[in-house]
Structure formats: C-alpha cells, structure tokens
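Working notes for the structure below.
The values are calculated or read from the model by the stated rules, or taken from the named source; none is laboratory data. Because the structure is a prediction, the values reported are computed rather than measured. Quick reminder, even Gly has a Cβ in these numbers, built from the backbone with ideal geometry, and neighbours come from all protein chains shown. SASA here: full protein model, heavy atoms, side chains in, ligands and nucleic acids out. Shrake-Rupley method; radii C 1.70, N 1.55, O 1.52, S 1.80 Å.
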Amino acid sequence: MVSIDRSDDGRHGVWDDVQAIVMGTFFAAVGIEFFRDAHLGTGGTAGAAFLIHYVTQFGIGPVIFLLNLPFYAFGWVTLGKEFTLKTFAAVALLAAESYFMHDAFAIGYSAPWFSAITGGALTGVGMLMLFRHKSSLGGIGILAAFVQEKLGWRAGKFQLTTDLLILATSFLVLDWKNVALSVLGAVVLNLVLAVNHKPGRYNGY
C-alpha cells in the first residue's frame with residue numbers, strides 16, 4: 001500500500017505539470033489515432049474535429065486547435081489564468097502530436113471494437129492526467145472542469161452526456177456500426193474519468 005503524506009499541501013511543481021501535459025497529450029494523441037484509423041468518431045471538440053476531418057480531409061490536429069479557440073475566453077473568466085494557459089499549451093501540443101502521429105505511428109491492424117476501447121481508454125487516461133494538473137484538452141473539457149470545480153458535478157458524467165449529443169450528429173457522416181463503436185469508445189473514455197476523477201478525491205494543484 002502506498003502511504004500518503006498529508007502534511008504536504010499537494011501542489012504540483014512546474015516540472016510535474018510539464019511532464020503531465022506532455023505525457024497526457026501523448027496518450028490522448030495515440031488514442032485519437034486509434035479512433036482515426038478505425039474511422040470512428042468521439043465526443044467533445046475532438047469529435048467535431050473528426051467529423052470535419054472525414055468530410056474535408058483537413059488534419060485533425062489543426063482543426064482541434066481552431067475549434068478550441070472560442071473556449072479560452074470562457075476558461076480565463078471562469079477557471080482562471082493558470083488553467084487556461086495550461087489548457088492552451090495542452091491543446092497546442094495535442095494538435096502538433098496528432099498532426100505528426102500518422103507519419104510516426106502505423107497501427108497496421110486493429111479490430112474496430114478494440115480500437116474503440118483502446119482509443120477511449122488512452123484518451124481518458126490522458127485527460128485524467130491533465131485534469132489532475134489543472135489543465136484539459138479544451139472545449140467540453142473546460143466546461144466539465146468548471147461544473148466539477150464550481151458545481152460539484154462529476155466531470156465524467158457531464159462529459160458523457162455532451163459527448164453522446166455530439167456523437168448523435170455522427171450519423172450524418174458515419175454508418176451506424178461505426179457510430180455504435182464510437183459510442184463504445186466515448187463510454188470507455190468517460191468511465192475512466194467518472195471512476196477516477198471525483199470531486200474532493202484528488203486535489204493535485
């Protein structure tokens with residue numbers, strides 16, 4: 001059993017935050033590549049970016065970055081400068097990693113159901129790391145962090161609800177099997193958050 005020194009104030013240092021943002025976005029970028037390789041969607045602004053990518057063939061990374069721009073003003077006002085700047089850095093890094101991921105990493109073969117589960121789990125773990133260092137992947141993640149911190153709602157449940165609404169629009173682009181697998185991936189992602197990121201359980205900043 002790991003002992004916890006409760007005399008420490010629990011705040012992360014700068015290098016703790018740096019490694020969390022780098023590793024968290026890396027896990028998320030790999031998860032997104034599993035989704036993209038299986039032609040699946042997901043929730044949040046990333047889900048919207050997938051739909052735009054499938055229709056226009058624009059790179060997922062740059063689209064994610066652009067879609068998040070309107071959320072930074074909200075984050076700055078409601079969650080503060082530190083959270084917003086860390087989120088901006090995380091989204092910019094995720095966009096760069098996603099842009100180069102396809103050239104650096106070839107999946108080869110992955111059953112669609114496995115891609116849905118793996119993509120959801122990896123992206124969820126990445127988001128969890130970011131949440132625990134007062135950051136997010138922007139967009140709905142900013143809103144999820146806000147409702148958990150300010151209203152006490154679980155971030156995972158809030159994000160799952162909004163993700164399912166966004167996934168419903170995937171029927172315009174994907175067939176029903178891919179939409180069903182996309183929902184599976186979103187459920188796995190949000191289970192990671194709902195189980196591991198509860199109000200008051202972990203205050204890492």
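Looking at LEU137, LEU128, LEU85, which one is part of a helix (DSSP H, G or I), of a type in the set (A, V, I, L, M, F, W, C) and open to solvent by less than 50 Å² (accessible area, probe 1.4 Å)? If you could, list the steps in order and put the result at the bottom.
Numbers: LEU137 fails: part of a helix (DSSP H, G or I); LEU85 fails: open to solvent by less than 50 Å² (accessible area, probe 1.4 Å).
Testing whether each residue is part of a helix (DSSP H, G or I), of a type in the set (A, V, I, L, M, F, W, C) and open to solvent by less than 50 Å² (accessible area, probe 1.4 Å) leaves just LEU128.
Say whether the condition of being surrounded by 15 or more Cβ atoms within 10 Å (Cβ to Cβ), touching a Phe, Trp or Tyr at 6+ places or on another chain (Cβ under 6 Å) and either polar (S, T, N, Q) or outside any helix (DSSP H, G or I) (or both) is met by at least one residue in the stretch 96-115.
Yes - at least one qualifying residue is present in the stretch 96-115.
Which residue pairs have Cβ atoms under 6 Å apart, sit 6 or more places apart or on different chains, and have a first residue in the stretch 36-47 that is in contact (Cβ under 8 Å) with a residue 24 or more places away in the chain and a second that is part of a helix (DSSP H, G or I) and hydroxyl-bearing (Ser, Thr, Tyr)?
Going by the 6 Å Cβ cut-off, the qualifying pairs are ALA38/SER115; LEU40/SER182; GLY41/SER170; GLY41/SER182.
Restricting attention to the stretch 70-79, does a residue exist that is part of a loop (DSSP other than H, G, I, E, B) and either of a type in the set (A, V, I, L, M) or surrounded by 15 or more Cβ atoms within 10 Å (Cβ to Cβ) (or both)? Steps first, please.
Initially, the stretch 70-79 is screened for residues part of a loop (DSSP other than H, G, I, E, B), giving none.
No, the stretch 70-79 has no match at all.
Can you go through ALA29, ALA92, ALA49 and tell me which one is open to solvent by 20 Å² or more (accessible area, probe 1.4 Å) and not hydroxyl-bearing (Ser, Thr, Tyr)?
ALA92
Give the number of residues within the stretch 85-116 that are over 26 Å from PHE131 (Cα atoms), at pLDDT 90 or above and among the hydrophobic types (A, V, I, L, M, F, W, C).
2
Among the residues of the stretch 168-177, is any in contact with a Phe, Trp or Tyr (Cβ under 7 Å, 6 or more places away or on another chain), under 29 Å from GLU82 (Cβ atoms) and either open to solvent by less than 50 Å² (accessible area, probe 1.4 Å) or β-branched (Val, Ile, Thr) (or both)?
no
Could you go through the stretch 140-161 and let me know if any residue there is in contact (Cβ under 8 Å) with a residue 24 or more places away in the chain, open to solvent by less than 40 Å² (accessible area, probe 1.4 Å) and of a type in the set (D, E, K, R).
No: zero hits.
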